[in-house]
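Have a look at the structure below, then the notes.
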Amino acid sequence: MISMISIFFLQVILTLTNIVAVAVFGIDKLKSKKGGWRISELKLLLIAFFGPFGAYAGMLLFRHKTRKIKFLLVPFFLAIQVLILIYFYFYN
């Protein structure tokens, strides 16, 4: 059984990861406009895997990577994370 402290730390980690994801998508969009060094798509997808809420919010907020087919994985990552959270909250 997972304790309340563990759930709290999980929430903190997920929140921080999603904040980082929004920031990274925003930074990459800014760099794309200015023609600077870019974050690779692989790294963006990896960040999206661990912070899908933030990545999806960043995609919509900054209108970034919304036309790329491989970034259709981000909503799928989001659904997986929601299912995992539901499992931890209701079945543990």
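Computed from the coordinates by the stated procedures, all read-outs in this text should not be read as laboratory data. All values reported here derive from a predicted model rather than from experimental measurement. Glycine also receives a Cβ, built like all others from the backbone with ideal geometry; neighbour counts cover every protein chain displayed.
General observations
- All alpha carbon pair distances within the chain were sorted into 5 Å bins beginning at 0; the resulting P(r) in whole percents reads 3, 15, 22, 23, 14, 10, 7, 4, 2, 1.
- Think of the chain as a dipole: +1 on every Lys or Arg Cβ, -1 on every Asp or Glu Cβ, centred on the Cα centre; then among F77, I39, V24, I39 lies furthest on the positive end.
- 222 nm mean residue ellipticity, helices alone, for the chain (DSSP H n ≥ 4; -39,500 (n - 2.57); rounded to 500): -26000 deg cm²/dmol
- For the chain, the relative contact order works out to 31 percent when only alpha carbon pairs closer than 8 Å and six or more residues apart are counted.
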